[in-house]
Structure formats: C-alpha cells, structure tokens
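Working notes for the structure below.
The values are calculated or read from the model by the stated rules, or taken from the named source; none is laboratory data. Computed from a prediction, not measured in an experiment: that's the story for all the values here. For neighbour counting, all protein chains shown are included, and Cβ atoms are generated from backbone atoms with ideal geometry for every residue, glycine included. Protein only, heavy atoms only, side chains kept; ligands, DNA and RNA dropped before computing areas. Shrake-Rupley method; radii C 1.70, N 1.55, O 1.52, S 1.80 Å.
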Amino acid sequence: MTRLALLCGAAATAALAGAACSSSAPSPFPSAGGAGGAGGEGGAGGAGGEQAPADPTLGGPCLDDEQCEDGFPCTFDACDTTAGRCRFTPDDSACQNDVYCDGVERCNAQLGCVRGEPIGCGDGSTCTIDACDEQTRSCTSAPRDADLDGDPDAHCGGGDCDDADPSVSSAQPEVCGNDRDDDCDGEADEDGCVSPEHDTCADALEISVPGSYAMTTAGAGFHYASSCGLRRPASTHDVVAAVLLPPGPPVDVQVTARTEGTDVAVTLAGQCGDAATELACGGPHATQATEGGGKIAKLRARGLGDPDRATALPVYVTTAEGAPVLVEVAFLPPSPAPDNETCGTAAPLAPGEPALATILDAARDLGTACETELGELVYTFELTEPRDVDLYATSTDGDGAPSLSLRTAACALPEDEIACQTAPSAHLFRRALPAGSYAVAVSATAPTSALVTLELSPPSEPPPDEACAAAAVLEPNRTATVSLLGHQDDVDLGCGPAAVDAAYALELPVASDVLLVEKLSAGDSGAIALSAPACGGPGDLLACGEGDVTPLRSARRGVAAGSYRVVAEAQLGLPVSVTAFVRPAVPPTLVPFSDACEGALEIPESGGFFQGNTTNAAADFDAGCDSAGTEDRGAPDQLLELTLTGRKRVVLDMAGSSYETLLSVRRGPACPGTEMPLSCTIGRDPQRSFLDLVLDPGVYYVQIDGHALAHGLWFLDVRVVDAEDAVDP
C-alpha cells in the first residue's frame, strides 16, 4: 500500500490508526479470505490462480508509484523503475501491536501482518516458574516456591523443607514449644528458639501512653481476621497490642503501623477475637516518606472511652510476612468524621486560606482520571468573574502524595472533571476559568493530611504553544526547549496520565517517517504524542510514548503529507526539550548478514530504517556496557558502517526490538573501530536502546548486540541531521 494512501490529513486518522498494530488500534490481521491480497491494483497475483513470482516483493508492471497498491498497510509500495514492476517491501515495524509476550508480528508481502510466535520462556526445569513479563518485556525465571513464603523448595536448591506451609522455611525463626522444625535446620525447638511476644490477646502489648512502639511479627501466627485483611491469609502473621484508656471524657484513637516494605494492616476492635466488634481498620499503602518502598497502615476511631471506667481495646497488627513494625498511637481530641465527603456536602474553600484535608476514612464517591485507592474530601469555591486559578496540595506528614481534582459545579460524574494531578506537591492551573461554581476533590496515595490552597489572579494570555488549535510551529530536526511555565492540561489523547502539556504544529510537505523525542527534567514523568490537528481524543492519536525514563520516544513511519500536532506533557510541569526528527518516508532496509567487518552494511549519510535478526549471527565483538558477566564477546551481534562527511547529530533508536538490546558506536577508520566514550547503551526498558550523539567527520561502526546473551529481531532507526541544528537557542 502506498504511504501516500495511508493518510489524507485529519480525515483519514481512523484509517491510519488501523494501519499499525498499536495497543489502541484495531487488529491488522486479515481474516481468512479477507480483502487485500497480492492481486490488488498492480499486485503480484491476479485472477485465475496465477503463480506468485519468485520474488514475493515484486508485483505487476508500473511506470510510477501511483500504480502500485497491494492493499496491505505494512508494505512500502513503490515502482521499481529498474525492474519496471511494483515492489512491495515488507515493514515489520508497521505490524507491531506493542505487546511483547505475544511475539514479534511480521509483515508478509502476500498476506499483510501475521501474528508472531508467542515468547517461549520455559527453561525445561521443574524447579523454576518461568513466565513472560509484559511490564519489563523480558522472560522471568523464579525458583519454585509453592507456598509463596520467599524461600524456594529445598528439593530445588532452596531452604524450604515444607513448601506447602508458609510458616516453615529457612527464613523463619525457630519457635519454641511447638515440636516443629520451623527454620528447616533439621531440629525442632532447639536452643536459640524464640517465643513470639504479643502473639495473642493473652499476651498483648499494653499501651496506655501515646507514642511509638516497636513490635515484630516474626515467629507469630495468624489469629485475628478483619475487614482490612491482607491477601494470602495462610502466610500472614499478627501480633496484638491493647490500648488502655483511663476513665474520662471520650477521645479519638489514631493508630499507625509502618514497615520497611512488607504489606501491613492494622485493626482496632471492641473485644478481642470478636470480628463483629471491629471499630476501625486500615490496609496497606506505599508511603512517600520511607526511602526504599516503605508501607503504612493507619486508622482513626472516634469518641472512645467511658467516663466511669477504664477501657481496653485490642489492636491487631498484621503483616504479609514476619517483619519488624513500628506502631504509633495517638490520643486526639474527639472530632466527627469530615462531612464534606460528597459534592452535596462540599466545604467552602476561601482564596489564600489553606484548608487541612485529612485523607483517612473518607469513602470513594467520585470518578477521576487520577484515581487513588483512598476516598476524597470535597470543597467548593465561587468565581464572580473570569480568573486564573491555582490549586496546591502538600502533605504535612509526607506519607501520601496528594491528588487534586478540579470539577464543574455538577461535580459527581467523571465527565465533570476539568483537570487532575497526583504528585508529592500537587498543583493544578487553569487559565481564565469562567465565572461560576466549582468543586475541588482531594485524595491521596496513602493516608495523610494535606494543606489545600486556592489562589486566584487576573486572567492571563496563553503562551503560543498552549493549545492545538493555534499551535506554534515546531521546526523539524531541531530541538526546542519547552518551559511549560504557565501551561495547563489541555489535551487528552489517552497517551499517559493527566499532565501539563504544550502543543506544536508539525507540517509534512511529503510522506514522512517521524520520530519524536522528549527529554524530561530529573524526577518528572510525561508523554510525547503525534496527533491529528484536532487533538480531539484517542481517535486522533497517531503515536505515543510515555513514562519516566528519559528520553521518551514515539514514532510513526509513512505519515502522509499534511498538518499534525506534537503534544509534549510533563506531570510536574518541569522543563522539557522536544525534537521532531523528520525525513521523507523510506522503505525498511533488511540486514540479513553484516555479521562481521566483511560485508558490514553501509548506512547512507541521510540515515534510514533497518531491520535484522542476531539469532543466527556470531558473537564477534565486546561492548563496554555489557555488565552481565557473560562470556567473552557476549551475545550474537551484527555490524553496520556509517561514513560522515561533516559534523552531524546522529540519533540511533532501537524501539520495538524483540529483546534486551545493546547498542554501541565505534570510531574507525579500521573495522571494527574503537568504542567511543558514552556511546554504549543497554535497552532493558520497553523502548530499548537509544543514543543521541554529535559526531565529527569520519568512519563509524554501529554494533547491534544483546545484553546478557540476548538476541532476536531488531529495528534500528537512524537519523542524521546537521549538528548546529541540535538545540534551539
């Protein structure tokens, strides 16, 4: 199919979306007997069952490209004037559906896109659990651990002598007096065994004074269920504390349990062992305050105590595995639960007056694009005239990241949300918000108290790159610095979470291959997308790259001439840089050999798109960044040669490759050359290896390799532009 036929501006967006196998696009795989065979206009076959030519990429006679159309979006269709016939070059990259574990889709010149062979991760050993991990795009192999206690079966080299019982393993302490080998050392109840403290209500830790108390669930059993119970109850452990309240007026009791990384839950009851008397409970959440992935559970029970007699209340502290727990208990003045839980009971939020929102026991009532596991509190404010609106939320204890949702007066439904953000210091900005009533919903990623502040200012003028309708022009092959200061979240293409964005117009005079690159500021995450001009939603999305690994990349090959939009997003609104690498559309170049210096494929100085497979190649070269401790020369590799006549910016992108790639650039002139500083990279993340280099004139060798002996199908997009165009001043 000709690249010119893939897009006809914004009107053909849906057709383009169907052309590639992206996660948001329809399946490109033809059904049996479906349309689009080799016998289309200028096609290779024809009526009457004619035999296919020996070269499956050759079609019928032609005089120009317009006569060549095979009906398959994954082929690059052109008239081969030397042969006088149409040539349909398969482009496997056009068939990728962005799903790793179902294998690499291929483009067949006579069938179109065909499904790949699912990734096989089995190693043949009954002692490992092998799986394909879509998130990391790699195979995982874990020792067999049937009871999921973290200690592999002793029959497979682990230390677990009873892999059906999660309370028995070499990682467990030996518990005294149970006539069982808890620690799998071959002895039961030996010297050095432990008697778990506070294992039941009969041995509860008494707490009569507010403060922090160290407890441990190591060696403890599991005795007390609650509505905040953890998964896998057979392997959980719990200990008990008793909160002692003296006679007197009622108080609120707040209990917080913290671990270094183990899931934890905390429950307060009225009577020990009676689940029906549960007063409050809190489940596990990841905390922002503890480095290395700490977990927190928190509860608040209100109006407890008796004026005439002392009160003892059991607290169950439950962990997913035996671990130290820091339990914090506070006695607070009695207060009712916040009543601003719904849109109908929203509390007023005055400009310049911070409101303290305690996100703990509120219910989840509102739909939002920034959904958290906790409920929300709702506030409201009025505008008598258009104003710029800034909303801020900052946690006072650092336990959870606040989540803000700005909503219309209707408030309740997901479509009533204007904008949202979840961040350690959340900030929402809307320019020239019209007069009217608005709601603000506040939630968090973990129980926390957050200061919420509303600031109003006169309406400001939008920056030129604020919206898609009148977007500033982005010059191809030139990097632009984007401050994002004074920007808001205007565009929702379904590419990445809600974030501050900027939009640029990208004009393509001819059918082009487009590679978008966004470099994020440290600590930020974002997205980079190519869209039809309207930016109207996921239906206009043509390419998307998102995440927190910089640089972000998204690419689309064979984009028809026309006007498009480049949308750059950053969740924290920190500065980014954006480059749209553009070249006239080219067919993919297949690299069947190039296994060594002899016959290394030449990369044109204009760049190109290359596809190969290292599976049957030899391991010829070392690489400085291959730190996997493998044997000499590592994985199979292939070699390409690039000669530069001037100083150039060279971008090498291996996105879409089927394995953990390794990419190295070596300086000649003699092959294989010497590896250059900072010119070797491993592609563990889903976007694979990427290099952005400024190179002097000379001969260079591009080494296509694999990390930790990995090999397979690879793609390499090579962009060569003038070095002086690298950065927009």
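Just a few scattered comments:
- Selected residue (only one of Leu678, Leu693, Leu713, Leu663 is among the hydrophobic types (A, V, I, L, M, F, W, C) and touching a Cys at 6+ places or on another chain (Cβ under 8 Å)): Leu663
- Positions within segment 192-213 being in a loop (DSSP other than H, G, I, E, B), open to solvent by 70 Å² or more (accessible area, probe 1.4 Å) and among the hydrophobic types (A, V, I, L, M, F, W, C), in sequence order: Val209
- Neighbours by Cβ (under 8 Å, 6+ apart or cross-chain): first from segment 146-160, under 12 Å from Ser235 (Cα atoms); second open to solvent by less than 40 Å² (accessible area, probe 1.4 Å) and not in a loop (DSSP other than H, G, I, E, B): Ala146/Asp153; Asp147/Asp160; Asp147/Ser235; Leu148/Ser235; Asp149/Asp160; Asp149/Ser235
- Checked against (1) assigned to a loop (DSSP other than H, G, I, E, B); (2) modelled with pLDDT of 90 or more; (3) touching an Asp or Glu at 6+ places or on another chain (Cβ under 8 Å); (4) open to solvent by less than 50 Å² (accessible area, probe 1.4 Å), Gly496 meets all criteria but (2).
- Residue count for segment 582-624 satisfying the condition of being at positive phi and touching a residue at least 24 places away in the same chain (Cβ under 8 Å): 3.
- Taken over segment 521-540, the residue count meeting the criterion of being closer than 24 Å to Ala655 by Cα and open to solvent by 20 Å² or more (accessible area, probe 1.4 Å) is 7.
- Residue identified as closer than 16 Å to Ala498 by Cα, out of contact with any Lys or Arg (no Cβ under 7 Å at 6 or more places or on another chain) and of a type in the set (A, V, I, L, M) among Ala401, Ala410, Ala363, Ala357: Ala401
- Screening segment 240-307 for strands (runs of 3 or more DSSP E) wholly inside it with 1 or more residues that are closer than 15 Å to Ser226 by Cα and in contact with a Lys or Arg (Cβ under 9 Å, 6 or more places away or on another chain) returns the ranges 264-269, 278-282, 295-304.
- Meets criteria (in contact with a strand residue (DSSP E or B) (Cβ under 8 Å, 6 or more places away or on another chain), farther than 19 Å from Pro386 by Cα and basic (Lys, Arg)) for Arg478: yes
- Segment 334-347 - residue that is within 18 Å of Glu417 (Cα to Cα) and of a type in the set (S, T, N, Q) and, of those, least open to solvent (accessible area, probe 1.4 Å): Asn340
- Take the conditions (1) modelled with pLDDT under 90; (2) closer than 27 Å to Lys298 by Cβ; Tyr213 misses just one of them, which is (1).
- Residues that are open to solvent by less than 50 Å² (accessible area, probe 1.4 Å), closer than 29 Å to Val255 by Cα and either modelled with pLDDT of 95 or more or not in a loop (DSSP other than H, G, I, E, B) (or both), drawn from segment 396-446: Pro402, Ser403, Leu404, Ser405, Gln421, Thr422, Ala426, Val440, Ala441, Val442, Ser443, Ala444
- Selection within segment 516-538 - within 16 Å of Ala580 (Cα to Cα), in contact with a helix residue (DSSP H, G or I) (Cβ under 7 Å, 6 or more places away or on another chain) and assigned to a loop (DSSP other than H, G, I, E, B): Ala532
- Complete set of residues in segment 449-470 that are within 27 Å of the chain's Cα centre (by Cα) and not in a strand (DSSP E or B): Asp465, Glu466, Ala467, Cys468
- Residue-level check: of (1) of a type outside the set (Val, Ile, Thr); (2) out of contact with any strand residue (DSSP E or B) (no Cβ under 8 Å at 6 or more places or on another chain); (3) assigned to a strand (DSSP E or B), Arg231 misses just (3).
- The single condition among (1) in a strand (DSSP E or B); (2) at pLDDT 95 or above; (3) open to solvent by 30 Å² or more (accessible area, probe 1.4 Å) that Val329 does not meet is (3).
- Tallying residues that are within 16 Å of Ala585 (Cα to Cα) and either of a type outside the set (Asp, Glu) or in contact (Cβ under 8 Å) with a residue 40 or more places away in the chain (or both) within segment 70-109 yields 15.
- Selection from segment 348-359 of residues that are in contact (Cβ under 8 Å) with a residue 60 or more places away in the chain, over 19 Å from Thr396 (Cα atoms) and either outside any loop (DSSP other than H, G, I, E, B) or open to solvent by 50 Å² or more (accessible area, probe 1.4 Å) (or both): Pro351
- Unmet requirement for Gly158, which otherwise passes all of (1) open to solvent by less than 50 Å² (accessible area, probe 1.4 Å); (2) out of contact with any strand residue (DSSP E or B) (no Cβ under 7 Å at 6 or more places or on another chain): (2)
- Out of Leu530, Leu552, Leu572, sole residue that is hydrophobic (A, V, I, L, M, F, W, C) and over 26 Å from Leu691 (Cβ atoms): Leu572
- Options Leu268, Leu304; residue that is surrounded by 23 or more Cβ atoms within 10 Å (Cβ to Cβ), modelled with pLDDT of 90 or more and farther than 17 Å from Ala323 by Cβ: Leu268
- Members of segment 360-380 found to be surrounded by 19 or more Cβ atoms within 10 Å (Cβ to Cβ) and at pLDDT 95 or above, listed by number: Glu376, Leu377, Val378, Tyr379
- Taking the criterion of being at pLDDT below 85 and either crowded, with 21+ Cβ neighbours inside 10 Å or touching a Ser or Thr at 6+ places or on another chain (Cβ under 8 Å) (or both), the residues of segment 161-175 that qualify are Pro166, Ser167, Gln172, Val175.
- Residue check for Asp717: closer than 30 Å to Pro118 by Cβ and either assigned to a strand (DSSP E or B) or in contact with an Asp or Glu (Cβ under 6 Å, 6 or more places away or on another chain) (or both): yes
- Failed item, numbered, when Pro677 is tested on (1) surrounded by fewer than 20 Cβ atoms within 10 Å (Cβ to Cβ); (2) touching a residue at least 24 places away in the same chain (Cβ under 8 Å); (3) not in a loop (DSSP other than H, G, I, E, B): (2)
- Qualifying residue in segment 557-567 (condition: modelled with pLDDT under 95, open to solvent by 10 Å² or more (accessible area, probe 1.4 Å), within 27 Å of Gln135 (Cβ to Cβ) and more than 20 Å from the chain's Cα centre (by Cα)): yes
- Any pair with Cβ under 9 angstrom, 6 or more apart, that starts in segment 254-274 at a residue that is closer than 14 Å to Ala242 by Cα and ends at one that is of a type in the set (Val, Ile, Thr) and assigned to a loop (DSSP other than H, G, I, E, B): Cys272/Thr200; Gly273/Thr200
- Subset of segment 115-146 [of a type in the set (Val, Ile, Thr) and buried (at least 17 other Cβ atoms within 10 Å of the Cβ)]: Ile119, Thr128
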